[in-house]
Amino acid sequence: MKKILSLVMVLALVLSCLCLPASADVKYDVTLRVEVFDRSIAGLNLEDCWQLRYAQEHFGDPNGIKLQFVPVSRWEEGDILTTQISGETAADICITYNGDLVNSLIADEGLVALDELIAEYGQNIKAFLGENLLSYGAFDPDEDGEKTQYTIPARRISVVNQGAFIRADWLKALNMEEPKTIAELEAYLYAAKEANLGGNMTIPFNYAIFTSNPMFAMRYYMSAFIDFANITEEDWVAHKDNPEMLPGAKEALRLFNKWYHDGILYENFAVDTDSTIGDTYMTVGNFGYFLQQYDQPWRTDKNYQAEMAKNVPGAEWIPVNAWANLYNGKTYHDNYDAAGLTIFIPYWVKKDVAKAAIQYLDWMCIPENMFAMQNGVDGINYFGVDENGLPLNAAPTEQVPDEYKMHVGDVVFISNGYNFGDDAKNAAYVARSFPGYEDVVAQSVLYSNTDAWTQLSFTVPIEAATDYSGAVMLKQNELIAQTIACDPAEFDKVWDEYIQAIKDAGADKVIEAYRQAYKDGNFRGTFPTP
């Protein structure tokens with residue numbers, strides 16, 4: 001009882017301290033607006049969250065800087081940020097995964113040059129990122145041989161990207177083994193449909209077009225149909241954004257067309273978003289297979305596994321690796337490079353605010369600050385640390401009081417993932433941060449690292465991509481939607497029609513520009529090993 005009372009007193013003290021407003025004696029010389037991603041986590045108010053209050057107390061107040069978080073929807077961030085930039089309403093520190101937007105801003109001199117600011121105020125940034133990773137933010141837009149630091153790349157702690165998942169309880173009900181090939185996966189999907197394992201709304205294969213990046217998942221499926229022994233590294237780089245034009249990729253969509261007409265795919269795949277489908281059907285157990293981030297079923301912010309199990313006792317997601325290439329049997333996965341999202345300061349930001357921005361990012365990189373901002377409060381967000389200083393028993397988001405709810409990557413964005421100072425500790429924590437699911441997460445990481453290649457990027461702005469990528473992606477969305485849903489007898493005709501539409505939208509110009517960047521050596525990334 002004494003221990004319980006002591007804990008209550010400690011928590012009360014912590015709460016009372018954290019609830020205090022900023023000191024009335026603090027004079028704020030600068031207001032710094034910081035973009036953060038909003039994932040609509042229930043109970044999390046990003047404009048008044050624990051991480052903001054902590055940063056204000058420990059960084060803002062001592063430096064006379066008033067911090068404000070500017071939430072932007074994670075899944076619409078590219079479009080929203082583009083609009084904000086156009087209206088000069090974007091935050092002082094912007095973050096994005098939209099490489100075309102960044103390249104456009106660099107080409108138009110729309111970003112603050114950061115070299116002098118980082119040299120004077122960013123020593124911890126340089127220590128955390130290292131020279132090589134920091135160089136990913138240096139560009140030579142006028143091609144005079146001199147690079148300027150226009151952006152700061154976030155550091156990816158784990159480069160693992162996509163993972164695929166299957167229902168272990170459905171496999172058991174069907175007396176089937178985990179599929180290792182497309183043919184075995186197809187047998188499972190049809191058997192699940194026949195047995196109506198998800199009830200009247202059984203959806204064996206969950207697929208929806210990710211409209212802001214239509215090739216996000218489709219590239220994964222297409223890779224199983226491409227003969228990599230018959231394409232070159234140059235072809236691979238040139239078709240970075242247009243894998244649909246590589247020989248064999250067409251057959252992936254022909255298969256999807258067959259599955260759609262056989263009732264294997266969700267009928268509204270081209271209308272509903274991933275999140276709509278997930279929230280509606282995932283948690284009630286209608287799905288039998290899906291592909292998203294490698295840890296998606298077990299994330300604390302939206303634990304699909306836990307929610308599904310509440311509605312369907314015994315329901316279980318496990319990782320699966322079934323998209324074996326038809327020519328060599330490899331299961332290709334695209335992994336991130338070490339450079340994560342892009343951080344930048346728009347051109348209109350004044351010098352004193354830009355200075356504050358770099359100081360804030362530098363403060364974020366100090367180990368004790370990063371630990372606090374990523375892990376929260378001992379006794380609320382986690383419970384004790386182990387002998388290596390790693391937090392124990394991280395509390396699921398739904399069990400954390402609203403005033404302490406947080407999302408690590410959306411606020412501590414210079415580190416894409418938990419960081420504890422070295423790779424061994426970071427890897428150990430990845431599995432531990434999914435209590436009860438350590439084994440399946442570890443297996444998902446293993447699968448996602450199998451036959452992995454590193455995503456491509458360029459060291460110079462690609463003007464053609466800036467000019468045409470938006471229009472090209474609109475046509476790629478149409479290609480996917482129309483070829484999957486069309487009459488099978490019309491498939492080839494529809495395919496040819498929309499491939500031509502993609503080319504007419506500017507894809508040929510983008511492909512040629514990427515090809516030239518390859519020849520000039522201005523690219524990063526790897527070619528899948530045949």
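Things worth noting here:
- Of all DSSP beta bridges confined to the chain, the antiparallel ones make up roughly 55%.
- Computed on the chain, with alpha-carbon pairs under 8 angstrom and 6+ residues apart, the relative contact order is 23 percent.
- The alpha carbons of the stretch 168-276 stretch over 47, 30, 22 Å along the principal axes, in descending order.
- Shape category assigned to the chain from the gyration tensor of Cα positions, a/c cut at 1.5: oblate
- Whether the stretch 74-221 is rounded, prolate or oblate, judged on the alpha carbon gyration tensor where a/c under 1.5 counts as rounded: prolate
- The chain: calculated mean residue ellipticity at 222 nm from DSSP helix runs of at least 4, using -39500 (n - 2.57): -12000 deg cm²/dmol
- Only Lys, Arg (+1) and Asp, Glu (-1) charged, at Cβ; the stretch 82-165 dipole about Cα centre in debye: 700
- Lys/Arg +1, Asp/Glu -1 at C-beta; the chain dipole; positive extreme among Met308, Ala356, Gly288: Met308
- Separation of the stretch 70-125 from the stretch 168-202 is 45 Å, based on Cα centroids.
- Whole-angstrom gap from the stretch 326-341 to the stretch 420-452, using each part's C-alpha centre: 17
- Three-way shape call for the stretch 424-530 based on the alpha-carbon gyration tensor, with the a/c threshold at 1.5: oblate
- Overall, the stretch 120-278 carries a charge dipole of about 680 debye about its Cα centre when +1 sits on the Cβ of Lys and Arg and -1 on the Cβ of Asp and Glu, all other atoms neutral.
- Given charges at beta-carbon only (K, R positive; D, E negative), |dipole| of the chain in Debye: 1320
- Paramagnetic reach from Asp48 in the stretch 390-426 [backbone N under 12 Å; point 7 Å along Cα→Cβ]: 403
- Inter-label distance, nm, simple model (7 Å from Cα along the C-beta direction), Ala428/Asp520: 4.6
- Averaging the Cα positions of each part gives two centres, and for the stretch 288-321 and the stretch 357-390 these lie 28 Å apart.
- Taking label positions 7 Å along the Cα-Cβ direction at both Tyr190 and Asp115, the computed distance is 6.3 nm, reported to one decimal.
- Stretch in the chain that is longest and holds no GluC sites (Glu not before Pro) that DSSP places in a loop and that have at most 12 other beta carbons within 10 Å: 388-530
Just so you know, all these numbers are worked out from the coordinates, no wet-lab data involved. None of these values were measured; they are calculated from a predicted model. All Cβ positions, even for glycine, are placed from backbone atoms using ideal geometry, and neighbour counts span all protein chains on display.
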